[in-house]
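The structure under discussion appears below in the form of structure tokens.
Values in this text are rule-based calculations from the coordinates and carry no lab data. Just so you know, these numbers come straight off a predicted model, no measurement behind them. Here Cβ is always computed from backbone atoms with ideal geometry, including for glycine, and neighbour counts include all displayed protein chains.
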Amino acid sequence: MSTAAASRRLPGSGFGAIAARLPPTADGQAIGLLGGSFNPAHAAHLEISETAIRRLGLSRVWWVVTPGNPLKIKDAPPPLSERMAEARRLVGSRPITVTGFEAGLRDRFTISTLAFLRRRRPGTRFVWIMGADCLADFHRWRQWRQIMELMPIAVIDRPGWRLKALSSIAAKAYAGARLPERDAGRLAAMRAPAWVFLTAPLSDLSSTAIRARRKA
């Protein structure tokens, strides 16, 4: 099967736009992807990213900052440019790239974003990074099984979520694809489905709590 034909069969590959501008990568480079609103970015995001870089042997982590939903005016986050600027100030010189390329996509479901990256950068070894709280509810995500089959996943422990995450529907469904934590450095080179649960410094920081303090 040709590369073009294979890419057309990727889950979500019908979504995406040529307008989306990606940070530079090199073939064979291992890149972690941490998505979210980053409203605002904070020290726990740094801890997750630095843990992933160190334990997985990544070259960089991309913070994929979501544009937000313009239909939800009441809960709309600050403009993308403001959140990205604040995130970049926090990141400083760390090997973390702040990107808002999802603004150029026709939809912002995770499956569509990951399929777009696989199609646009087939030589890059991407790893999706998420917290244990996300794994606990992962079966509720759109096309979650296709996400598991599309890209290796690193799950980072979060306070109070370990048992819920590891007993979740997704964790049980893909128990056979779970990599021992001691072998986490192999994850980026593996074909999906493959995932690892990483023990990390636990921080109870959250963007919601920070917004509440700022509002107060």
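For S37 and R182, what is the calculated FRET efficiency with R₀ set at 45 Å and r taken between the beta-carbons, to the nearest 0.05?
E between S37 and R182, to the nearest 0.05, is 0.85.
Mind listing the long-range amide H neighbours of W62? Cut-off is under 5 Å, sequence gap 5 or more, other chains count too, H placed in the peptide plane at 1.01 Å from N.
Here the answer is G32, L33, L34, T97, since their amide H atoms fall under 5 Å of that of W62.
How high is the FRET efficiency between D137 and R106 when r is their beta carbon distance and R₀ equals 25 Å, given to the nearest 0.05?
Once rounded, the FRET efficiency stands at 0.50.
How do the peptides 32-39, 170-177 rank, highest first, by the average count of neighbouring beta carbon atoms within 10 Å per residue?
For the peptides 32-39, 170-177, the packing ranking is 32-39, 170-177.
PRE reach from A175 (point 7 Å along Cα→Cβ): which of the stretch 90-131 fall under 13 Å by backbone N?
Of the residues in the stretch 90-131, none has backbone N under 13 Å from the label point off A175.
Counting only residues 5 or more places away or on other chains, whose amide H sits under 5 Å from the amide H of A200 once H atoms are built in the peptide plane?
D157
Pulled fully out, how much extra length does the chain show between A76 and L22, if you take 0.36 nm times their separation in residues and subtract their Cα-Cα distance?
Net length gain for the segment: 17.0 nm.
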